[in-house]
Every structure is written in structure tokens, then in C-alpha cells.
Amino acid sequence: MANQVEWKEIRFEVGETIRVHQKIKEQDKTRTTVFEGVVIAIRGRGISKTFTVRKIAVDKIGVEKTFPLALPTITKIELKKKAKKPARRAKLYYLRGEK
């Protein structure tokens, strides 16, 4: 349960760029994948809080993932780039239409 202490210490806001390290189990091996992108939404409170991260993949295709904050497979969340100004919206869904 060391993950519970770690996710409480992480502070990030909508509009910041983060890297989410997640453990993936495939048959008998485990590996860590990294998903880096902009936080476009944060929902909920406490243990049920979720956040949505959007990145631009190959051929400028947008990929979004929603993570529960207390997901046991998340090993680390690191703040890659802090926003210069705070976001003026709670949800940045307008980034879906931009290329």
C-alpha cells in the first residue's frame, strides 16, 4: 500500500504536462509503460479522483487515457512541465479540436 502515500503527495493542475508510469503485466513478465501528455480534466474527490491525460501520437492522432488516482498499477507520476499561467477552464476539452 505504499502507492497510497505517494498519490497524496502528487499535486498537479489542469493544463500541466505530466508523465504517468504504469506497470503492465503480460503473461509472466511485467514492464513499465510511460504515458506523457497534458492533463485536460480532473474529476472527483479523495480516493475516487480521476484525471484524463491527452497526448498527440504518431500522425498527429490524439490519444486520451483516464486514470484513477489510486490505481495500484501506477508506480510514479512526475510533473514534466508546469503551466505558465493557471488554466482558465476546469476542463480543457477544447484541445480535442486543435491540431
**Prompt:** Where does each of 19-26, 59-66 land if you order them by average Cβ count within 10 Å, highest first?
**Reply:** 19-26, 59-66
**Complete:** Note on the chain: contact order normalised by length, alpha-carbon pairs under 8 Å, 6 or more apart, percent, works out to 33
**Request:** Inverting the mean 1/r over all pairs of different Cα atoms, compute the Kirkwood radius of the chain and quote it in Å.
**Result:** 14.3
**Item:** Listed pairs 49/85; 49/76; 55/91; 23/81; 23/65; 29/80 exceeding 19 Å between Cα atoms
**Value:** 49/85; 23/81; 29/80
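Since every read-out is calculated from the coordinates, none of them should be taken as a lab result. Keep in mind the model is a prediction, meaning the values are calculated, not measured. Here Cβ is always computed from backbone atoms with ideal geometry, including for glycine, and neighbour counts include all displayed protein chains.
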